[in-house]
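Written out below as structure tokens is the structure these notes cover.
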Amino acid sequence: MTAVIVLVIVGVLAMLGVYISWRAGRLDRLHARVEAARFALDAALVRRSSIALELASSGLLDPATSVLLAGAAHDARSAQDGREMPESDLTRALRAVFSQPDFRTLLAGRDGAEEMLAELEGASHQVFLARTFYNDAVAATVAARRRWLAVLLRLAGRAPKPEFFEIDDSLVPNGGPGGPTADIPHLTS
């Protein structure tokens with residue numbers, strides 16, 4: 001009977017060890033996912049600011065709008081910590097550019113204008129998607145880190161707690177539903 005009890009205890013401890021190892025591995029994979037999503041988000045933000053700078057220097061916009069857009073894009077690109085505010089400022093500058101009266105008709109027929117605007121809209125949509133994926137990864141990681149076993153056994157190790165990245169990334173006034181460009185009429189035509 002004693003051998004059976006020892007085998008049961010060893011079996012339970014082995015299963016517990018496997019479960020703890022699985023939880024630690026899952027937490028590690030979630031942290032890796034957050035890191036990969038952060039790199040994708042950074043790449044999307046850099047691409048959007050690069051295209052905005054290109055638009056600002058293209059001569060397609062009036063000088064005041066070009067200066068406004070270039071300043072916001074430069075600030076967004078050069079920000080290291082506290083990046084949310086400069087990125088939101090760039091979004092507001094882009095929204096101001098796109099919401100000018102007859103903006104599309106003024107650029108119609110100008111060389112490269114439609115392609116550049118389409119590329120900028122695509123980059124803005126990529127920022128929206130990348131931020132959504134990143135924040136989803138952060139939410140899953142934070143939830144896994146809050147589980148009692150992860151807290152008790154410190155399964156997260158020394159990995160820093162991931163932070164959400166919240167910016168205004170909608171080109172639609174008042175952050176309309178459906179993403180950054182959902183209600184801009186020229187995208188549906």
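The values are calculated or read from the model by the stated rules, or taken from the named source; none is laboratory data. All values reported here derive from a predicted model rather than from experimental measurement. Counting neighbours? That spans all protein chains shown, and the Cβs are built from the backbone with ideal geometry, glycine included.
Inside the stretch 109-118, can you point out the residues that are within 25 Å of Asp89 (Cβ to Cβ), surrounded by fewer than 17 Cβ atoms within 10 Å (Cβ to Cβ) and touching a residue at least 24 places away in the same chain (Cβ under 8 Å)? Even if it seems obvious, please write down each step before you answer.
Initial filter on the stretch 109-118 (within 25 Å of Asp89 (Cβ to Cβ)): 113, 116-118.
Among the residues that remain, those that are also surrounded by fewer than 17 Cβ atoms within 10 Å (Cβ to Cβ) are: 118.
Passing the criteria: none in range.
Does Ala76 meet the test of being closer than 30 Å to Ala159 by Cβ and either more than 17 Å from the chain's Cα centre (by Cα) or buried (at least 16 other Cβ atoms within 10 Å of the Cβ) (or both)?
Against the criterion (closer than 30 Å to Ala159 by Cβ and either more than 17 Å from the chain's Cα centre (by Cα) or buried (at least 16 other Cβ atoms within 10 Å of the Cβ) (or both)), Ala76 qualifies.
With the checklist (1) assigned to a helix (DSSP H, G or I); (2) buried (at least 18 other Cβ atoms within 10 Å of the Cβ); (3) out of contact with any His (no Cβ under 9 Å at 6 or more places or on another chain); (4) not charged (D, E, K, R) in hand, flag the one item Met85 doesn't pass.
Failing condition for Met85: (2).
Looking only at the stretch 36-45, count how many residues are surrounded by fewer than 14 Cβ atoms within 10 Å (Cβ to Cβ) and either within 27 Å of Arg147 (Cα to Cα) or modelled with pLDDT under 95 (or both).
The first filter runs over the stretch 36-45 and keeps only residues surrounded by fewer than 14 Cβ atoms within 10 Å (Cβ to Cβ), leaving 36, 39, 43.
From what's left, either within 27 Å of Arg147 (Cα to Cα) or modelled with pLDDT under 95 (or both): 36, 39.
Going through the stretch 36-45 one residue at a time, the tally reaches 2.
Being over 16 Å from the mean Cα position of the chain (by Cα), of a type outside the set (A, V, I, L, M, F, W, C), within 30 Å of Leu155 (Cβ to Cβ) and assigned to a helix (DSSP H, G or I): is that true of Arg29 here? Please lay out each step first, then the result.
Working: over 16 Å from the mean Cα position of the chain (by Cα): yes; of a type outside the set (A, V, I, L, M, F, W, C): yes; within 30 Å of Leu155 (Cβ to Cβ): yes; assigned to a helix (DSSP H, G or I): yes.
For Arg29, the condition - over 16 Å from the mean Cα position of the chain (by Cα), of a type outside the set (A, V, I, L, M, F, W, C), within 30 Å of Leu155 (Cβ to Cβ) and assigned to a helix (DSSP H, G or I) - is met.
Mind checking which residues of the stretch 116-174 are farther than 22 Å from Leu16 by Cα, over 18 Å from the mean Cα position of the chain (by Cα) and of a type in the set (A, V, I, L, M)?
Within the stretch 116-174, Met116, Leu117, Ala118, Ala159 qualify.
Return the pair list, or none, for Cβ contacts closer than 8 Å from residues in the stretch 5-33 that are surrounded by 11 or more Cβ atoms within 10 Å (Cβ to Cβ) to residues that are among the β-branched types (Val, Ile, Thr) and at pLDDT 95 or above, at least 6 apart or on different chains.
That search, which allows pairs on different chains as well, returns Leu27/Thr141; Leu30/Thr141; His31/Thr141; Arg33/Thr141.
Tell me whether the stretch 150-165 contains one or more residues that are in contact with an Asp or Glu (Cβ under 8 Å, 6 or more places away or on another chain), surrounded by fewer than 20 Cβ atoms within 10 Å (Cβ to Cβ) and part of a helix (DSSP H, G or I).
Within the stretch 150-165, not a single residue is in contact with an Asp or Glu (Cβ under 8 Å, 6 or more places away or on another chain), surrounded by fewer than 20 Cβ atoms within 10 Å (Cβ to Cβ) and part of a helix (DSSP H, G or I).
Out of Ala56, Ala70, report the one residue that is free of Cβ contacts under 8 Å to residues at least 40 places away in the same chain and touching a Gly at 6+ places or on another chain (Cβ under 9 Å).
On the way: Ala70 fails: touching a Gly at 6+ places or on another chain (Cβ under 9 Å).
The conditions single out Ala56.
Quick one: in the stretch 127-139, of everything that is touching a residue at least 60 places away in the same chain (Cβ under 8 Å) and crowded, with 19+ Cβ neighbours inside 10 Å, which residue is nearest to Arg48 (Cα to Cα)?
Among those that are touching a residue at least 60 places away in the same chain (Cβ under 8 Å) and crowded, with 19+ Cβ neighbours inside 10 Å, it is Val127.
Return the residue satisfying two criteria in turn: it lies in the stretch 91-107 and is hydroxyl-bearing (Ser, Thr, Tyr) and in a helix (DSSP H, G or I), and of such residues it is nearest to Leu69 (Cα to Cα).
So the first thing to find is which residues in the stretch 91-107 are hydroxyl-bearing (Ser, Thr, Tyr), and the list is 91, 99, 105.
Then keep just the ones that are in a helix (DSSP H, G or I); that gives 91, 105.
Numbers: Thr91: 10, Thr105: 19 Å.
Residue satisfying both the conditions and the ranking: Thr91.
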